[in-house]
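Peer 1: This structure is in C-alpha cells; I'll ask about it shortly.
The values are calculated or read from the model by the stated rules, or taken from the named source; none is laboratory data. The shown structure was predicted, so the numbers you read here are calculated from the model rather than taken from an experiment. Note: ideal-geometry Cβ built from the backbone for every residue, glycine included; neighbour counts use all protein chains shown.
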Amino acid sequence: MADPGATLLERLAGVVGGSHVLTAPADLEPYLADWRGRYRGSARAVVRPASTEEVSGVMRTCADASTPVVPQGGNTGLCGGAVPDSAGGEIVVSLRRMNRVRALDADNATITVEAGVPLAVVQESAAAAGLHFPLSLASEGSCTIGGNLSTNAGGTAVLRYGNTRDLTLGLEAVLADGSVFSALRGLRKDNTGYDLKQLFIGAEGTLGIVTAAVMKLFPAPQAEATALVAVASVEKAIALLARLKSAMSDRLVGFELMSAFSLALSRKHHAGSPDLMAGHPWYALVHAEDSARDTPLAAMVEGALASAVDDGVAADATVAQSVEQRKRLWALRENISEAQRREGQNIKHDISLPVSAIPAFMQECEAALLTAFPGARLVVFGHLGDGNLHYNLSAPEGVNASRFMDHGERANRIVHDLVARHRGSFSAEHGIGQLKRDDLVRYKSPVEVALMRAVKSAMDPRGLMNPGKVL
C-alpha cells in the first residue's frame, strides 16, 4: 500500500522504480518538444512504465492526485498531440519501455504487440514468420504502434490494406481511473454489441492509454514492382490510377502523387537521389505486390504502363529493376517531408477528398492561395490512391520562412473551407492534437462535436487524459 504521506513523485517511483521517474531538465528534454519543433511544453516528470500493470498504477496514482497525464510513444506526430502544455504540472507517460512482441499466431495471422514497439519491429517480426504487416510510414523506424493506433495512422499502403483501424482486431488500454480495458481478441467476427476498441483508435490518448493490440497479418509478398510515372496533370494521374486498378485489382498497393517541386526539394536535400524523367509537372509512384509465387508481376506492371503511355494517359515511365532501385524510388517520396523541414517551416495541410473531387479542388485552391500569397510555393504530394494529400505551402523565394508562418491561420481557412466545400476532411492521417482543435469545432457538425464531448465526459470526467488535445 502506498504511503499516504509520500509525494506524488515518490508514489510514482514506487510503481515504476525511481530510475524511471525523470525530473532532471536534461532527462526531460527529449520528451518536451515535437518532431517539427512547433510545439514545446514543460512537465512535472516523465514516467516510464514497463507493463500494463505499471501503467494502471501510474494512472491510479495520478487520478488520486488529480494530476493530468500526456501519453507519448515515439513522439513523431505532426500536430502536437503528444507534447505537454507549458504550465509544467502534467506527467508525461512514455510507453517506450513497453516494447515486447507478446505473441505471433501464424495460423490466425495475428501479432500481439505492446504500445512501445516501433512499427519497423512489428514489420520485421511478421517477416521473420513469413508473414507481412503492411502499415508503412516514413517514420516507421521511430514511431510506435501505440502512436499509430492513437492517430489511426495511414501511410502508403492504405489503398489495399486500409488505415491502422482496419488492421486492428483487439486492444488493451488503461482508463483515466487506472482500470484496464482488455479486449486482446484476435477475432475477425465478434458481433457482441458496441465495438469499444474503436473508441481508442484515433483518440490521441484523450480517452485512455493504449498499452497493447492484436494486429492483422497477411501473406508475405512473393513479388513486388515499383514504378515512377510522369503525367501531364492530376486528371491524367487519376485516369492512370483507374487503369491500374482495373488491370491489377488488389495487387495495386500504393499510388503516390508528387509534384515536380516536391521532388525537386527531395533531391536537393538528399544527395544521390535518382534524377529521372525531368521536365514533367506531376509524377506518380506506383507499387504493386503479389503473394502468389511465380506471378509475372513486373511484366504486368510494365504492360499496363506501356499501354498508358501509348494512349497518352502517362507521359513516361520507368520500372525498378532491382530491390536497390525500388528503394531509391521510394526514398524520393519518403524524403519529401524531411526535405521540407530542412528548407524551413511551412504551412502543412493533411487533407482527404473524394478522388474525383481532387482536380477541381486543386485548381480552385491554388488560385485562391496564390491570390492571397503571391509567389508562395505549393508542395503537393500524398496518397492519391485513397484521396489523401499533403497540401503544403512554403514561403516565396527570398521570404523568411518563419515570418511566413504568421499567415498560417489565413492559409488554413482558405484550404479547409475548400476541402469542406468538396466534402473532404481537414485531417486525413495526422490527427488533431493541438494544431487542429479549432478546425474540429468549425468543420464538424454540432451533433458530432456534442457526441464526442459526451464520450470524453463519460470516459474521462475529470479531464485528466491528455488535456487540451482533440477537444
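Peer 1: Scan region 339-360 residue by residue and report those that are out of contact with any helix residue (DSSP H, G or I) (no Cβ under 7 Å at 6 or more places or on another chain) and not in a loop (DSSP other than H, G, I, E, B). Spell out how you get there, then give the answer.
Peer 2: As a first pass, look at region 339-360 and keep what is out of contact with any helix residue (DSSP H, G or I) (no Cβ under 7 Å at 6 or more places or on another chain): 341, 348, 350, 352, 354, 356-357, 360.
Of everything in region 339-360, those that are out of contact with any helix residue (DSSP H, G or I) (no Cβ under 7 Å at 6 or more places or on another chain) and not in a loop (DSSP other than H, G, I, E, B) turn out to be Arg341, Asp350, Ser352, Ser356, Ala357, Ala360.
Peer 1: In the set Arg453, Arg413, Arg437, which member is touching a Gly at 6+ places or on another chain (Cβ under 8 Å) and without any contact (Cβ under 8 Å) to a residue 60 or more places away in the chain?
Peer 2: Values: Arg453 fails: touching a Gly at 6+ places or on another chain (Cβ under 8 Å); Arg413 fails: touching a Gly at 6+ places or on another chain (Cβ under 8 Å).
Answer to the check: Arg437.
Peer 1: Which residue, of Ser322, Ser352, Ser337, Ser402, is among the polar types (S, T, N, Q), surrounded by fewer than 19 Cβ atoms within 10 Å (Cβ to Cβ) and in contact (Cβ under 8 Å) with a residue 12 or more places away in the chain? Please lay out each step first, then the result.
Peer 2: On the way: Ser322 fails: in contact (Cβ under 8 Å) with a residue 12 or more places away in the chain; Ser352 fails: surrounded by fewer than 19 Cβ atoms within 10 Å (Cβ to Cβ); Ser337 fails: surrounded by fewer than 19 Cβ atoms within 10 Å (Cβ to Cβ).
Criteria check complete, one pass: Ser402.
Peer 1: Given (1) crowded, with 20+ Cβ neighbours inside 10 Å; (2) within 19 Å of Gly146 (Cα to Cα), where does Glu90 come up short, assuming only one miss?
Peer 2: Glu90 satisfies all of (1) crowded, with 20+ Cβ neighbours inside 10 Å; (2) within 19 Å of Gly146 (Cα to Cα) except (2).
Peer 1: So Ala357 fits all but one of (1) touching a strand residue (DSSP E or B) at 6+ places or on another chain (Cβ under 6 Å); (2) of a type in the set (Gly, Ala, Ser); (3) under 22 Å from Arg160 (Cα atoms); what number is the exception?
Peer 2: Going through the list (1) touching a strand residue (DSSP E or B) at 6+ places or on another chain (Cβ under 6 Å); (2) of a type in the set (Gly, Ala, Ser); (3) under 22 Å from Arg160 (Cα atoms), Ala357 breaks only (1).
Peer 1: Quick one: which residue in Ala458, Ala420 is farther than 25 Å from Asn388 by Cα and part of a helix (DSSP H, G or I)?
Peer 2: One residue alone meets the criteria, Ala458.
Peer 1: Go through region 240-250 and count every residue that is modelled with pLDDT of 95 or more and within 19 Å of Asn388 (Cβ to Cβ).
Peer 2: So the answer is 5.
Peer 1: Determine, yes or no, whether Thr206 is β-branched (Val, Ile, Thr), outside the structural domain of Pro354 (by TED's automatic domain parsing), in a loop (DSSP other than H, G, I, E, B) and crowded, with 18+ Cβ neighbours inside 10 Å. Give the derivation first.
Peer 2: Details: β-branched (Val, Ile, Thr): yes; outside the structural domain of Pro354 (by TED's automatic domain parsing): yes; in a loop (DSSP other than H, G, I, E, B): yes; crowded, with 18+ Cβ neighbours inside 10 Å: yes.
Criteria met by Thr206.
Peer 1: Okay, moving on. Which residue out of Ala128, Ala138 is of a type outside the set (Asp, Glu) and without any contact (Cβ under 8 Å) to a residue 12 or more places away in the chain? Walk me through how you get there before you give the answer.
Peer 2: Numbers: Ala138 fails: without any contact (Cβ under 8 Å) to a residue 12 or more places away in the chain.
Within the list Ala128, Ala138, the selection yields Ala128.
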